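Written below as structure tokens is the structure these notes are about.
The values are calculated or read from the model by the stated rules, or taken from the named source; none is laboratory data. Values in this document were obtained by computation on a predicted structure and should not be read as measured data. Counting neighbours? That spans all protein chains shown, and the Cβs are built from the backbone with ideal geometry, glycine included. With ligands, DNA and RNA removed, areas are computed over all heavy atoms of the protein, side chains included. Shrake-Rupley method; radii C 1.70, N 1.55, O 1.52, S 1.80 Å.
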Amino acid sequence: MSERKVLNKYYPPDFDPSKIPKLKLPKDRQYVVRLMAPFNMRCKTCGEYIYKGKKFNARKETVQNEMYLGLPIFRFYIKCTRCLAEITFKTDPENTDYTMEHGATRNFQAEKLLEEEEKRVQKEREEEELNNPMKVLENRTKDSKLEMEVLENLQELKELNQRQANVDFESMLKQYKDYEEERKRRELEEDETEMKAMLEQAQSRRFLEDSDSDEEATQVPSRSGPKTKPTDILQEDTEPQSKKLKTESWERSVGKLNSKSQLAGLVTVKKQTPGSTTANGVGKQTTQQSSDAGSWSSSLPAVTQPPSAAQGSSLSLLGAYSDSEDSTSD
């Protein structure tokens, strides 16, 4: 089975194209084509305006017995969009345009009429000059005279404009040039001032940084100057600031008990003899009690009772115990 869409078909060897029957169609047959209105027109029946570019389904036919240089002329039939009246126009290959034939009038076109008039005058002039050489000379003199008049009118118009304008273009250009130079000079001065300000600001910042670094360098040795010995750090007060504050508040409320002047009246010195056993026993007992009191005071927490207060309480107990011994011995 052969292909459906092919470019070349098979022709048998005995094929004779003259034997093919030809379809006889009338010469004035019509085709339905889609076209646009080639110009503005107005219907004669209802007065409806049909503008250029309006689309129609038109009937097309070939005009009989009319040819232009072997080119056929076609006629188109359209209907008015309002009253459906038939309008016909045909092609004009001589002027590359269309001509109105029936059913409507072509709207006024001044440009086209002017061109037609110029063509007609030019054609008449050429016909006259072809047979009359004196007419040629007259036309040339007329053309030169007309050209001179046109130049004179143009010169008068220029002078009139100069009188009314009074504009000196050279001074205007010079003024504009001076203005541009002044503007450029001002911009350069502004740039220089900005650069100077930025440099001064940067130098001032450097001076401030240098002065701050010098002050820090001088302050660091002064702080470490008093500590000349390595063992001085051991003599510093290592107690925290919070403990010092608590101790000061305790001393203000109760009083200092660890000073020698206050403890001098509480403790009495007892003279011991080598032969007295009771005194040795009492001395041993007092030393043992004092050691017990010291251990009890050291076992107390540091937050509730400061060390100085604990020492003062233990000494007060020791003084009271020695007083009771003296009374019993007496």
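Side notes on the structure shown:
- With respect to (1) at pLDDT below 90; (2) part of a helix (DSSP H, G or I), the lone exception for PHE108 is condition (2).
- For region 79-105, filtering for residues that are of a type outside the set (Lys, Arg) and assigned to a strand (DSSP E or B) leaves 14.
- Within region 1-30, the residues that satisfy the criterion of being assigned to a loop (DSSP other than H, G, I, E, B), open to solvent by less than 100 Å² (accessible area, probe 1.4 Å) and at pLDDT 85 or above are PRO12, PHE15, ASP16, ILE20, ARG29.
This table checks each residue for (1) surrounded by 10 or more Cβ atoms within 10 Å (Cβ to Cβ); (2) in a helix (DSSP H, G or I); (3) in contact with a Pro (Cβ under 9 Å, 6 or more places away or on another chain); (4) modelled with pLDDT under 90.
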| residue | (1), (2), (3), (4) |
| --- | --- |
| GLU115 | yes, yes, no, yes |
| GLU126 | no, yes, no, yes |
| GLU129 | yes, yes, no, yes |
| MET134 | no, yes, no, yes |
| ASN139 | yes, yes, no, yes |
| GLU156 | yes, yes, no, no |
